[in-house]
Amino acid sequence: MAAGRAPTLQLGQLTGVWAAIYRRRDRLEQHAASQVLAAWRELAAGLDLTAVMTALRQQVAPAESTAAADRRRHVQRVTTAAVLAQLARLASRPEWPQLVAALTAAMRGGRAAGARAGHAVAADDGGELGDEDYDQADGEGDADAELAAAYTVTAAALRGTAQTIARALLTAAEQGTDERAMLDQAAAVITDGAAWSTSIITAVGAAWTDGMTAAYQQRSVQQLSVVTVGDGHVCSACITAEDNSPYPAATAPRPPLHPLCRCTLQPT
Ligand SMILES: [Zn+2]
């Protein structure tokens, strides 16, 4: 490879160990997202947002108001906070521990898979990735760190969900949509769970990198390069991180560098 320039992984053209690793990582992320989404839907089923809508209707200003944009932003913030308060109450439901368990299991699986991938890459043994049991914790887990990460995911997902619901409700209220239809829209946002998918996939990616860098460390890897997937959807921050490679192993940037980042680290 050219000096100072890490090789971009071409997704879709990957061969050998990286092809196996990315297939595994993709399946792992999809599995994690479906487990977490199932737990979230069960937890949030039947959430009543009637109180939020009543408050929202009282606040929606006429569109011709001179300070309409400011007013709208204000109402959106207040509505987001009100929705978030309702979502936070879900933590007292009996289904809550199942959601937390799904989150911690996903991250434990990500860390274990990242460690296996790191050993396979560093050993360059052509794809010896070990077994593929998503929920099997075969690395030394750190329960406190997993729980902290689970709550970080939860906070981001609840906030993202609240923002999306507030946007939908505000637009609906301005259009004079009836209450029944507004409730249906909020329920659709909850069922869709987009904020949960984004948050858990990103967190699994972080756990995966943790496992991978731990494996590299065990194998005394000294230098690491950030490698992008090179498929035309790579953002400029990741390209810069790749261009600045290699790094001393201890100070290399740790993907995900942003939500849904697919970059990885490779010994140089
Ligand atoms: Zn990236």
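The values are calculated or read from the model by the stated rules, or taken from the named source; none is laboratory data. Every value quoted in this text rests on a predicted model; they were computed, and no experiment measured them. Cβ: placed from backbone, ideal geometry, glycine included. Neighbour counts: every protein chain shown.
What residue, among those in the range 165-180 that are small (Gly, Ala, Ser) and out of contact with any Leu (no Cβ under 7 Å at 6 or more places or on another chain), is surrounded by the fewest Cβ atoms within 10 Å (Cβ to Cβ)?
Gly176
Counting just the residues of the range 240-268 that are among the aliphatic types (A, V, I, L, M) and within 21 Å of Asp26 (Cα to Cα), which one comes out surrounded by the fewest Cβ atoms within 10 Å (Cβ to Cβ)?
Filtering the range 240-268 down to residues among the aliphatic types (A, V, I, L, M) leaves 241, 249-250, 252, 257, 260, 265.
Narrowing further to those that are within 21 Å of Asp26 (Cα to Cα): 257, 260, 265.
Working: Leu257: 16, Leu260: 14, Leu265: 26.
Once the filter is applied, the top-ranked residue is Leu260.
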**Asked** Taking the range 1-25 as the region of interest, how many residues are buried (at least 18 other Cβ atoms within 10 Å of the Cβ), outside any loop (DSSP other than H, G, I, E, B) and at pLDDT below 85?
**Response** 2
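Among the listed residues Leu103, Leu87, Leu56, identify the single one that is closer than 23 Å to Ala168 by Cα and modelled with pLDDT of 95 or more. Before you say what the answer is, go through the steps one by one.
Values: Leu103 fails: closer than 23 Å to Ala168 by Cα; Leu56 fails: modelled with pLDDT of 95 or more.
Criteria check complete, one pass: Leu87.
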**Request:** Select from the range 170-184 the residues that are closer than 18 Å to Arg72 by Cβ, part of a helix (DSSP H, G or I) and free of Cβ contacts under 8 Å to residues at least 24 places away in the same chain and list them in ascending order.
**Result:** Thr171, Ala172
**Request:** Can you confirm whether the range 247-261 contains a residue that is at pLDDT below 95, within 16 Å of the ligand (Cβ to nearest atom), part of a loop (DSSP other than H, G, I, E, B) and closer than 22 Å to Asp124 by Cα?
**Result:** no
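Quick one: is Cys238 within 11 Å of the ligand (Cβ to nearest atom) and outside any loop (DSSP other than H, G, I, E, B)? Outline the logic, then answer.
Values: within 11 Å of the ligand (Cβ to nearest atom): yes; outside any loop (DSSP other than H, G, I, E, B): yes.
So Cys238 passes the test.
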**Request:** For the range 132-144, indicate whether the set of residues that are farther than 23 Å from Ala82 by Cα, more than 16 Å from the ligand (Cβ to nearest atom), at pLDDT 90 or above and crowded, with 18+ Cβ neighbours inside 10 Å is non-empty.
**Result:** no
**Message:** Condition (residue is free of Cβ contacts under 8 Å to residues at least 12 places away in the same chain and within 15 Å of the ligand (Cβ to nearest atom)) applied to the range 193-214: is it met by at least one residue?
**Reply:** no
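I need the full set of residues from the range 215-235 which are within 10 Å of the ligand (Cβ to nearest atom) and in a strand (DSSP E or B), in order please. Break it down stepwise before answering.
Of all residues in the range 215-235, those within 10 Å of the ligand (Cβ to nearest atom) come to 226-229, 233-235.
Val226, Val227 - these are the residues of the range 215-235 that are within 10 Å of the ligand (Cβ to nearest atom) and in a strand (DSSP E or B).
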